[in-house]
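Reviewing the structure listed below.
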Amino acid sequence: MAADDYYELLGVSRDADADELKRAYRKKAMQYHPDRNPGDSEAEKNFKQVGEAYDVLRDEQKRSAYDRFGHETFTNGGMGNGMNSGMGGGGQHGFSDISDIFEEVFSGFMGGGRARGRSKRNRGEDLRFDLTITLEDAFTGKKEEINFNAEAACDSCNGTGAASPSDIVNCTQCNGIGVVQIQQGFFTLQQECPRCRGKGQEIKRGCNKCRGAGRVKGRRNIRVDIPAGVEDGNRIRIAGEGNHGLEGAEKGDLYVFVNILPHDIFQREEKDVMCVLPISMAKAALGDKLEVPVIDGGKVRVEIPPGTSHGKHFRLRGKGMPALYNRGNRGDMLVEVIIDIPTHLSKKQRELLEKFDAETKPSSEHRNFWSKVSHFWQHHEKDK
């Protein structure tokens, strides 16, 4: 199975809606589930790939990014948006804020807003870090130490960008005000000083270490609290852990995006988890009591009643994922029964099944179906 296109992986069109995606995913997940393909490494690989495809396409924001930027958006550290990855690659451009454009064009002519505009322009860029965790981590929550590239305040000039405090002087064009007056016909308007860009100060001699920027590149280690119940695609904002601002301006923020790995046993649906339980034809017909795993690492006994059909669901209340920020509220676990039909029968097994089939009376559903088929054919014979 090619992994070049998530839509092809699931076998759906690019305009498939949420229900189509879910049906396609469940069909593929059932086809490649490890329990149905024991020892088949290719099936296990395909199972994980369809899980990754569904996790991206079911999320509107991720799907939009995937459609715009392609498959590489979610592979090899790709991101598909304007944030830095914080993983040591790419330029340090941070978020693009269109409000900065409007402020730069209009704030000087509206009188005021000088400090705010300057602060936004020089503010450090926000950073992005993609953190991959397991479903078990999402269930319990965890504390994770992360390491990423970030611009830090220059220790030589304390972030000012000047070689020494005496090298910071009032701007000679605006005399430290940050704005200059211009004449527009009958009106006298204020405009941001083009020399100091509204700062009111300028640097005579820049710091040798940071070359006047007030910040230098480096690595940063911080500890992130991942709350229990976090979902795939959730982001955690850590204020002030982005890039240091230019010339002493405030820091940006760090956004940690959580990616949850597909699980070998469970599939997640918001607070609920689903587990596929394969059983034999005999156990489906006769009934059984089986122990199944639970996401918290324990086990629970499920009673399979006689005559259980393929695809039957059993709901185990309170055995799913915890609600985000509400540990007392948990979702449910859905156990879906998959009847394992043998494909290679011995001669004796075939004889036993044929005897069993001959002695089995058709169910009412069976009789009703073939009665309808008979009437259907008779009706069409008359029309010929």
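The values are calculated or read from the model by the stated rules, or taken from the named source; none is laboratory data. These figures come from a predicted structure and were not determined experimentally. In this analysis, Cβ positions are derived from the backbone assuming ideal geometry, glycine residues included, and neighbour counts consider all displayed protein chains. The area values use the complete protein model at the heavy-atom level, side chains included, leaving out ligands, DNA and RNA. Shrake-Rupley method; radii C 1.70, N 1.55, O 1.52, S 1.80 Å.
At a glance:
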| read-out | value |
| --- | --- |
| In segment 132-163, the residues that are open to solvent by 10 Å² or more (accessible area, probe 1.4 Å), under 16 Å from ASN221 (Cβ atoms) and hydrophobic (A, V, I, L, M, F, W, C) | ALA152 |
| Residue in segment 289-315 that is most open to solvent (accessible area, probe 1.4 Å), counting only those that are over 19 Å from ASP272 (Cα atoms) and in contact (Cβ under 8 Å) with a residue 24 or more places away in the chain | HIS310 |
| Among (1) on the phi < 0 side of the Ramachandran plot; (2) at pLDDT 90 or above, the one test that GLU354 misses | (2) |
| Complete set of residues in segment 330-349 that are surrounded by 11 or more Cβ atoms within 10 Å (Cβ to Cβ) and free of Cβ contacts under 8 Å to residues at least 40 places away in the same chain | LEU345, GLN349 |
| Residue ranges of strands (runs of 3 or more DSSP E) in segment 175-249 with at least 3 members at pLDDT below 90 | 179-184, 187-192, 201-203, 215-226 |
| Criterion (within 30 Å of ARG223 (Cβ to Cβ) and touching a Pro at 6+ places or on another chain (Cβ under 6 Å)) met by exactly one of ARG330, ARG268 | ARG330 |
| Checklist (1) in a helix (DSSP H, G or I); (2) at pLDDT below 85; (3) more than 22 Å from THR134 (Cβ to Cβ) applied to ARG36, failing item | (1) |
| Residue tally, condition under 20 Å from ILE339 (Cα atoms), open to solvent by 50 Å² or more (accessible area, probe 1.4 Å) and either of a type in the set (Lys, Arg) or in contact with a Leu (Cβ under 9 Å, 6 or more places away or on another chain) (or both), over segment 26-52 | 4 |
| Filtered residues of segment 5-18 (kept if within 19 Å of the chain's Cα centre (by Cα) and exposed (fewer than 15 other Cβ atoms within 10 Å of the Cβ)) | ASP5, ASP17, ALA18 |
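Every residue, every condition in (1) within 18 Å of ALA138 (Cβ to Cβ); (2) open to solvent by 40 Å² or more (accessible area, probe 1.4 Å); (3) not hydroxyl-bearing (Ser, Thr, Tyr), yes or no:
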site	(1), (2), (3)
GLU231	yes, yes, yes
ASN243	no, no, yes
ALA249	no, no, yes
VAL256	yes, no, yes
ASN259	yes, yes, yes
LYS271	yes, yes, yes
GLY287	no, no, yes
ARG317	no, yes, yes
GLY320	yes, no, yes
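Results for (1) in contact (Cβ under 8 Å) with a residue 40 or more places away in the chain; (2) touching a Ser or Thr at 6+ places or on another chain (Cβ under 9 Å); (3) within 15 Å of CYS207 (Cβ to Cβ), shown as yes or no for each residue.
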{"site": "PHE139", "(1), (2), (3)": "yes, no, no"}
{"site": "GLU144", "(1), (2), (3)": "yes, no, no"}
{"site": "ASN147", "(1), (2), (3)": "yes, no, no"}
{"site": "GLU151", "(1), (2), (3)": "yes, no, yes"}
{"site": "GLY159", "(1), (2), (3)": "yes, no, yes"}
{"site": "ALA163", "(1), (2), (3)": "yes, yes, yes"}
{"site": "ILE168", "(1), (2), (3)": "no, yes, yes"}
{"site": "THR172", "(1), (2), (3)": "no, no, no"}
{"site": "VAL179", "(1), (2), (3)": "yes, no, no"}
